[in-house]
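Heads up: the structure comes next, in structure tokens.
The values are calculated or read from the model by the stated rules, or taken from the named source; none is laboratory data. All of these numbers come straight from a predicted model, not from anything done at the bench. Glycine gets a Cβ as well: all are built from the backbone with ideal geometry, and neighbour counts include every protein chain shown. Accessible surface is based on the protein model in full, side chains and every heavy atom, while ligands, DNA and RNA are left aside. Shrake-Rupley method; radii C 1.70, N 1.55, O 1.52, S 1.80 Å.
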Amino acid sequence: MNYLRLIIPRIAKDESRDTLNKLKLKGDKDVLDYLIQSGYRKNDIIRELEKYYGIKYIDISNIDITNEVLGGFDLDYLEKNVVLPYEIDKTNKICNVVIGDTTNQELIRDMQSVCSRLGYNAIFNFSFQFEIIDKIKDIKSIAVVSDIDEVFDTQSWVNDVLNKGIKLKASDIHIERIEDSIQVRYRVDGILVNRKKFKYSERNLSSIVVRLKIISDMDITEKRRPQDGRIDNYKYGTKTYDMRVSSVGTIYGEKIVIKIIEKDDAILGFRQLGYSKENEIKIRKMLKNKNGIVYIGGATGSGKTTSLYSMIDILNTEDKNIYTIEDPVEKTIQNINQIQINKLAGVDYANTLRSLLRQDPDVIVVGEVRDLETAELSSRASLTGHLVLCTVHANNAIDCISRLIDIGVAPYIMSAGTLGFLSQRLVRVLCDKCKQRVTKLEPHEKAWIDEVNKKYDKGVNGNRDYADGEFYRAVGCKECHGGYKGRVALVEILEATENIKHAISRSLGIDEIMKIALDEGFRTLELDGLDKASKGMTTIDELIIQVS
């Protein structure tokens, strides 16, 4: 409905079209607000519109629209076209619909066709466009189904949730029971977004969990014990996905978390992940060694497995026999012997690693070093002609040293075979469409930059002062999620130079090792982050959250 064409001549007779057009009123809400502020009553405007179109205005803000009404319609389509069915008269076979543009005959015919397939005649009324869009957003945030169980299709509901996760490029889907409702949340770029609540009957709530457990090969009779499952080769569009599924009992019922992995997705190179040219050179140098060990540190969700796969991809040549020990195997790679940990079957890191030493390996990848036996076996393998890559739960590269010593690894063993320590964090990337140049830093941002400058000023070769850098702020637009789109890795690599090895073998403290590393040009996570922020890739707030 073109309100700039319709409302101006019929309602605001004393206002010229040019005058209102110059105000750059973008939508019907702007026009309506302007007219009301100018002294016109909303009821008078509605009455004129009803006369003009010969149809009735419906205030849909307080109408409870059930899923029985919406069952045959796509909400995204309704939102895009600003049209909404709001009531069904089963006796007279009528579906009442509100539309924002009553002149759109093509849309009216499409809606009539859909209603006809559902067995109803479409009767059209009108609402303001912003009212329809607001109502659809409310429906999307809290979906309500009628008490008739027959209208609920469990398989379709589950598929819709999985498909939306893929469309959003979510890494994880959270499906959690909250009293008499199910809440769905999607983790996009590390943040849980798009929360929706679905209020169903008890029968439907139970059927959702059962369906998810069946397709992921879990025990549907076990409701209290945590379980893990998989959905392999899930098709969406032209792509195939694998999904890791986990269930755990809560006070309201079982919660399901689904991790989405694109099966056909190519393994990313180091520069795509966010490695600087200098860091890529360092890691490639380490991977050229035929023996030795590289430790990769980082918390859960820091992207260390993705980096590990990038390293495997470089090493994956026909002349190498490569084994991985993983829990779980996240992505299958051709020509690689991947082993899934299964503690119930007696397949753990230590005994598998011991067996692999008799399999003539060139490269061994240990998914996680969490105990002394696994750590010592990995270290000794690196000293007997094997290249070993291990992940460790550690806050940063130097903290890997502390973590291994805490496990019980002797300093002299660690120093002998180690090639280097790597650590990383993931930060959200600013959306190029809407990011905004910062003219003045917030006090807390400036304080953090000053602290980092002070912390690493002495002994850092060529370190720049970031206080006067060019930084940007997240804004938000339809192309992104709150001003961010995608993530990039902050990376630090500590090469095991002779000085570093000597410091480890002498059991020097972490502060002393850090001083030696900085003197040799070590670039920390904070400094790598400031480099990226000053280039407009991320924000200072993201750095404060991730590396402080």
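Some notes on this structure:
- Candidate set from region 370-408 (those that are among the hydroxyl-bearing types (Ser, Thr, Tyr) and farther than 18 Å from residue 326 by Cα); member that is least open to solvent (accessible area, probe 1.4 Å): 382
- Test result for residue 231, assigned to a strand (DSSP E or B), open to solvent by less than 30 Å² (accessible area, probe 1.4 Å) and hydrophobic (A, V, I, L, M, F, W, C): yes
- If only residues of region 45-74 that are open to solvent by 60 Å² or more (accessible area, probe 1.4 Å) and part of a loop (DSSP other than H, G, I, E, B) are counted, the one that is farthest from residue 134 (Cα to Cα) is 54.
- Within region 475-548, helices (runs of 4 or more DSSP H) holding 1 or more residues that are open to solvent by 70 Å² or more (accessible area, probe 1.4 Å): 498-505, 510-519, 540-547
- The residues on offer are 215, 251, and the sole one that is surrounded by fewer than 15 Cβ atoms within 10 Å (Cβ to Cβ) and either modelled with pLDDT of 85 or more or farther than 29 Å from residue 482 by Cα (or both) is 251.
- Every pair of residues 6+ apart whose Cβ atoms lie under 6 Å, when the first sits in region 281-298 and is touching a residue at least 24 places away in the same chain (Cβ under 8 Å) while the second is part of a loop (DSSP other than H, G, I, E, B) and loosely packed, with under 13 Cβ neighbours inside 10 Å: 291/385
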